[in-house]
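K.L.:
Here it is: the structure, laid out below.
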């Protein structure tokens, strides 16, 4: 059974069609890349999956059950977590407190939440930053902190929204290893990404959106050689 199944997802904002008849599936433990030009509807799709936006048509099923009618917190409880294009951490809380917020979704015991938070801070190499206010962390540290908080909710599917944006080449390599480590633990991932080095290296399949519609879907090799994708997004100089 597919972990996530999106069928004919459509989202309108007045007369604007942000997503139109988008369909694709995610298998357990799979990494899916979601790419396309700015304004293609990628983040809107994430917001629809997470219940931030009510959809105008189609269905979103997780583990065989429809979730598109549920509030965001309930979808998160069922096993989907996300990060944001613009980092959403609590600036005046410590790293430990930020991750505890995620852990408290599944337990009301502060001791257990702290214990779990420390585990994920250690996993993301942030244990030595646990007492540091998040506003004083570097960019990559804040990105990793947001991932740690998402992991603390115990997801089966993690949505990463341009997690590598703003990182330098060595930090991108570091983040690739973070994503691989998360995936090795059995968590499926959908990643919106403009850094082709990242998505082409680790995704098993790539979905391309353009103008709110699915333009193409396939392996990284298939997408890199697809004339429609090259014309709409990658450009003629792209070298797979």
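Only the coordinates and a few stated rules stand behind these numbers; no lab work does. All values derive from a computational prediction rather than experimental measurement. Virtual Cβ from ideal backbone geometry, glycine too; neighbours counted across all protein chains shown.
K.L.:
Simple spin-label model, 7 Å along Cα-to-Cβ: residue 77 to residue 106 in nm?
P.N.:
Computed distance between label sites residue 77 and residue 106 equals 1.5 nm.
K.L.:
If we sort 204-216, 49-61, 145-157 on the protection proxy, mean other Cβ atoms within 10 Å, highest first, what's the order? Don't skip to the answer; put the middle values down first.
P.N.:
On the way: 204-216: 20.3, 49-61: 17.8, 145-157: 23.2.
So the order, starting with the most tightly packed, is 145-157, 204-216, 49-61.
K.L.:
May I ask for the angle, rounded to the nearest 10°, between helix 169-184 and the longest principal axis of the chain, with both axes built from Cα atoms and the value confined to 0 to 90°?
P.N.:
80 degrees
K.L.:
Separate question: Taking 45 Å as R0, compute the FRET efficiency from the Cβ-Cβ separation of residue 201 and residue 54 and round it to 0.05. Spell out each step's value before the answer.
P.N.:
Details: r = 35 Å, r/R0 = 0.78.
Plugging the Cβ-Cβ distance into 1/(1 + (r/R0)^6) gives 0.80.
K.L.:
May I ask you to derive the relative contact order of segment 93-154, considering only C-alpha pairs under 8 Å and at least 6 residues apart, and to give it as an integer percent?
P.N.:
52 percent
K.L.:
Let me ask you something else. Tally the DSSP beta bridges in the chain and give the antiparallel ones as a percent, rounded to 5.
P.N.:
55 percent
K.L.:
A further question on this structure: Averaging over every viewing direction, what projected area does the convex hull of the Cα atoms of segment 124-240 cover, in nm²? Walk me through the intermediate numbers first.
P.N.:
On the way: hull surface 33.3 nm².
The orientation-averaged projected area of the Cα hull of segment 124-240 comes to 8.3 nm².
K.L.:
On to the next question. With a cut-off of 8 Å between alpha carbons and a minimum separation of six or more residues, what is the relative contact order of the chain in percent? Before the final figure, lay out each step's value.
P.N.:
Details: 475 pairs, mean separation 62.7, N = 240.
The normalised contact order for the chain reaches 26 percent.
K.L.:
Taking only Cα atoms, what is the 0 to 90° angle, nearest 10, from helix 139-151's long axis to the longest principal axis of the chain?
P.N.:
Value to nearest ten degrees: 90.
K.L.:
Next question, about the same structure. Who wins for biggest fluctuation among 41, 218, 14 in a Gaussian network model of the chain, springs between alpha carbons below 10 Å?
P.N.:
With Cα springs under 10 Å in the chain, the top fluctuation among 41, 218, 14 is at 14.
K.L.:
May I pose another question? Quickly estimate the mean residue ellipticity at 222 nm for the chain, helices only: each DSSP H run with n ≥ 4 gives -39500 (n - 2.57), and the total goes over all residues, rounded to 500. Intermediate results must be reported in sequence, preceding the final value.
P.N.:
Values: 8 runs with 79 residues, N = 240.
-9500 deg cm²/dmol, from helical runs alone.
K.L.:
Using a 7 Å offset from the Cα along the Cα-to-Cβ direction at both residue 217 and residue 122, what is the distance between the two label points in nm, to one decimal?
P.N.:
Simple spin-label model gives 4.0 nm for this pair.
K.L.:
Can you give the alpha-carbon Rg of segment 93-154 over 2.2 N^0.38 Å, where N counts its residues?
P.N.:
Details: Rg = 10.2 Å, N = 62, 2.2 N^0.38 = 10.6 Å.
Normalised by 2.2 N^0.38 Å, the Cα Rg of segment 93-154 equals 0.96.
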